[in-house]
Structures are given as C-alpha cells and as structure tokens.
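Okay, so here's the structure we're looking at.
The values are calculated or read from the model by the stated rules, or taken from the named source; none is laboratory data. Since the model is a prediction, treat every value here as computed from it, not as a measurement. Cβ placement follows ideal geometry from the backbone for every residue including glycine, while neighbour counts extend to all protein chains displayed. The area values use the complete protein model at the heavy-atom level, side chains included, leaving out ligands, DNA and RNA. Shrake-Rupley method; radii C 1.70, N 1.55, O 1.52, S 1.80 Å.
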Amino acid sequence: MFTVALALSCVTVAVLAAYPMAGIVLLFISKPIIDATWGQPVVADLPLTQVVSGLVPIVIFARMVIARPEEQFRHMPLRGVWATYAMFIGFCSSIALFHEGWSSGANVFFRHINGFVGFYMIQAYFHQQGRLKVLLLGLIVAGFFPIGTGLYQLATGTTWRFQEVEGIARNIGLYHNGVTIRLYALQSILAALLYGVLYAKSGIVKQAAVWAYMAMAAAVLAKAYSKAGILIITLWISSWTLLQRKFAAFAVILGLVFILGVSLAAAYFESIVQIYHKELGFFSGREEAFRTFNGRWYGWEEMYTRWMHFDVFAKAFGSGQLTLGAHNDYLQMLFHGGIVGVLLYLVLLGTVGYRVVLNLRTCSDPLAIAALMLFLSWIVDTIGLNPSAYPQYQWFLWGMIGLSFRLRENEAYEARLDVRQTGEHIPPTRYQVAPTVSASLRPQTKFPLVSDLRGKRAEAR
C-alpha cells in the first residue's frame, strides 16, 4: 500500500505541475489511497498525506504566477476577501514559526491555506466547457477505494483499525478516524448525484449505476456512525428535493427511510439512538448539557480558559500555539489567529454564504443547490470538528463552491454581451449557469439549469 501511495504521490505532483487540470483529477483519485498511509512517516516524521497536502499549495501558487489569462487569480470570485484571509494566514503562521518553530508554522499555514487553494484551482481549471464532466468522473473514481474498503468491511467483518463512538464500533476502513471515510462517502454521493443529473439523465443503465453507487456510498457512510454525517445527509436530501420543488420525491425518500427503518434496519436505528443517547437525555432532562457533543464542552471550556490568560497581542492576532484537538474551527482560529482571525473567518463565511443564497434566488440550478449543500456541511462541521485540518475536504468543498460562483459569473457576463449585441433584456432567472453542460443533458425542471433562449434567438436570426 505504501509503495503504491508513494508512486501515486510522485506522479500526481508532477502532473499537477505540468498539466494542472489532469493533475487535479489525479489528486482527487490518489488522495484516498495516500491517506491510508497516515501512520508511516516519510520526511521529518511527516506522513505522506501531509507531505502531499503541503506540496499541492506550493505547486498551485507556482502555477498562478504563470497562469493563462483565463486561469489568473483576477478572475476568481470573491478574490478580495479570500486574498485578505490568505495573507492573514501567512501572518498567523509566522507567529507560530517564531514561537514554536518551522513545524508548527508550516502546520498552521498549510492547514488553513488549502481552503484558498481549493477555491482557486477548481474554478480556474474547470470552468470551461466539458471539464465539469471530467471532474465529476474523477471524483466518482476517487470514491472506489474508500467505498470498496468500507463495503469489504461490511461483507467480511474485517477490522483494520478499531474505533468506537458511544460504545459502538465504527467501520473506518484504513483511515485514521471515522471522519475521513465519512468525508469521502459524502464526496462520492454528491459527485454521483451531479453526474446523474447533468450527464446521465438520458440513459437508464447510467441512472441505475449512479443510484447504485450512491446507495453503496450511503451504506459506508451509515456504518461510520457519524453524528455530523447523519445531520449533513439529512440537510442534503432536504435541500436537493425542496429547492427544486420535488415534493413528491421528498415524500418518497421519507417513506423509504421509514420502511427501511421499520423492516430492515431496526438494529441500525437502535445504534443511532445509542449514539445520540446523551443528546436525547439532555432534552429529556436526564443529562447535563456538558455531556452532549461527546463531552467536547469540557475541552472547549479548558481551551477558552487558557486563551483568557494570553496577553493582548496573542488574544488579538494569535498565540503562536499549534492547536490540534480543538474540535471546533472557530476555537482553533481563536488560538491561531486571535479575535482578528475569527472575525476574518466569519466575514469569509458570511460572504460565501451570502453569494450562495444570492445565486439560489437568481436560479436554483443543481450546481447552486450543491453549493448550498456543501456550505451547510462546512457550517455543521465547524461546530464539532476542525474541517480546515482536512485538505482533501477543503479542495472538494471550497472548489465546488468556487466553481459554481465562476460559472454563474460567466453566465452573467454572457448575458450582458447578448444585451449589448441585441438590445434584448434577459431576466436574471433565465441566465444559463454552465456552458459546461451540453443541451441534451440539461434537466427540465421548474428551476431550469440552462435557458435555451439564446438558441431560439439564433434560430430567429
């Protein structure tokens, strides 16, 4: 496994440097295998997964210097707030470098900067026609390894690494914890969902394969017994169906979940009750609030008490202390970047969230809904996890959100050109989202993905 991962790492970084589009797809495919070698250090006691996660930003920043006109940073949506955030991350990491050495400084820098890298690289290299399909196929292939190992565990009962939550054993595959396999399962589900809607709508066989793949990923997700994962998939189902006014589909899904829970998966739902027994006990008055969230409240209280003893500079701009076990992204940023860092982080999230909602109000196409689903995932994970500690999660989540923004900006630009050339006003809700989606694969819903108004004008001329 390590030899394969090492070879994939070398090839991936080389291809990323020479051909970024192909390199990014290969990065998504190889990263699940590389992450399985988390326990084997290769350089300066760093495992291969951290080495690759550090090399990717370096390569992408180098490519930004020699980027083609359409790939340049000046075209990136929300570049102002992202650039400010990135520069402050550099400042925070220099404080950590001064206080605790290069290892801590690099850890702080690469831990946070990969969000910026993901937001930039996907929109820069996949906004052109036809490339979205390649990306989604790559993400689907990326899920073969984590989903395959998860299904193997389900079928054979094999345990490579034991981890439990509330007394229940998790199936986490070859990874360090249940978070990693949960993230890969969610990534696979969303990639397959988008591919099915955009590119496999006309084929029964393709649709069946897509649904089967999502079902297998959902099974792996379920056996990870993740509280956040259950909440996220619930938000995803609600967002995807209700925002497209697929009320019947929403009712059918609820019915299937109920039938499955009653007839086939009673034991699983008993496990869910066991996992949430502290939260249920709190609402029933039998448990203290501090025992919810797996007792994370005690750790948060301890960290906050430590922060209160810092000097004014450390409280404002960061303590220089590496924080690895915060289990809360805002508390982690409070240590790494101080009050200023938390405020910048909140401004970034608020700006992205506002743009997500604005795009949805303009046109609720699949990519805009996917951006909302991913943004909600991030918000959920920031409360009880440190999502900024998972580079592959940031590349995918921020990358897909950035791509949805870039395609919407391209669409608006094309609409403005049409107005200048024809003098005809195009309502915002008729903007087409993606020139990456061929006309034959455009979903026909009450919230159309692509307007064919431009084609009708061409026929009239």
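Filtering ALA44, ALA124 for residues that are among the hydrophobic types (A, V, I, L, M, F, W, C) and farther than 26 Å from ILE140 by Cβ leaves a single hit, ALA44.
Is it true that LEU186 is in a helix (DSSP H, G or I) and open to solvent by 30 Å² or more (accessible area, probe 1.4 Å)? In short, no. The one condition from (1) under 24 Å from LYS227 (Cβ atoms); (2) open to solvent by less than 10 Å² (accessible area, probe 1.4 Å) that LEU331 does not meet is (2).
Take the conditions (1) farther than 18 Å from VAL380 by Cα; (2) touching a residue at least 12 places away in the same chain (Cβ under 8 Å); (3) open to solvent by 10 Å² or more (accessible area, probe 1.4 Å); HIS336 misses just one of them, which is (3). When the residues of segment 357-377 are filtered to those that are without any contact (Cβ under 8 Å) to a residue 60 or more places away in the chain and surrounded by fewer than 23 Cβ atoms within 10 Å (Cβ to Cβ), the one that is farthest from the chain's Cα centre (by Cα) is ARG361. Checked against (1) open to solvent by 30 Å² or more (accessible area, probe 1.4 Å); (2) part of a loop (DSSP other than H, G, I, E, B), LYS206 passes all but condition (2).
If you go through segment 152-185 and keep only what is on the phi > 0 side of the Ramachandran plot and either β-branched (Val, Ile, Thr) or at pLDDT 80 or above (or both), you end up with GLY157, GLY173.
From the list ALA67, ALA5, ALA62, the one residue that fits, being touching a residue at least 40 places away in the same chain (Cβ under 8 Å), assigned to a helix (DSSP H, G or I) and open to solvent by less than 20 Å² (accessible area, probe 1.4 Å), is ALA5.
The residues listed here are TYR120, TYR152; of these, the one that is hydroxyl-bearing (Ser, Thr, Tyr), in a helix (DSSP H, G or I) and open to solvent by less than 10 Å² (accessible area, probe 1.4 Å) is TYR120. Of all residues in segment 106-137, those satisfying the criterion of being touching a Cys at 6+ places or on another chain (Cβ under 9 Å) and within 19 Å of ALA44 (Cβ to Cβ) are VAL108, PHE109. Condition first: modelled with pLDDT under 85, part of a helix (DSSP H, G or I) and either surrounded by 15 or more Cβ atoms within 10 Å (Cβ to Cβ) or of a type in the set (Lys, Arg) (or both). Can you find one or more residues in segment 378-398 that meet it? No, segment 378-398 has no match at all.
For segment 339-346, state whether one or more residues are within 25 Å of VAL179 (Cβ to Cβ), among the small types (Gly, Ala, Ser) and open to solvent by less than 20 Å² (accessible area, probe 1.4 Å). So far as segment 339-346 goes, yes, one or more of its residues are within 25 Å of VAL179 (Cβ to Cβ), among the small types (Gly, Ala, Ser) and open to solvent by less than 20 Å² (accessible area, probe 1.4 Å). Please name all residue pairs, on different chains or six or more residues apart, with Cβ atoms under 8 Å, provided the first residue is in segment 18-44 and is closer than 29 Å to VAL65 by Cα and part of a loop (DSSP other than H, G, I, E, B) and the second residue is among the polar types (S, T, N, Q) and open to solvent by 50 Å² or more (accessible area, probe 1.4 Å). Going by the 8 Å Cβ cut-off, the qualifying pairs are ALA44/SER103. Taking (1) among the charged types (D, E, K, R); (2) closer than 17 Å to MET1 by Cα; (3) surrounded by fewer than 20 Cβ atoms within 10 Å (Cβ to Cβ) in turn, ASP45 satisfies each apart from (2).
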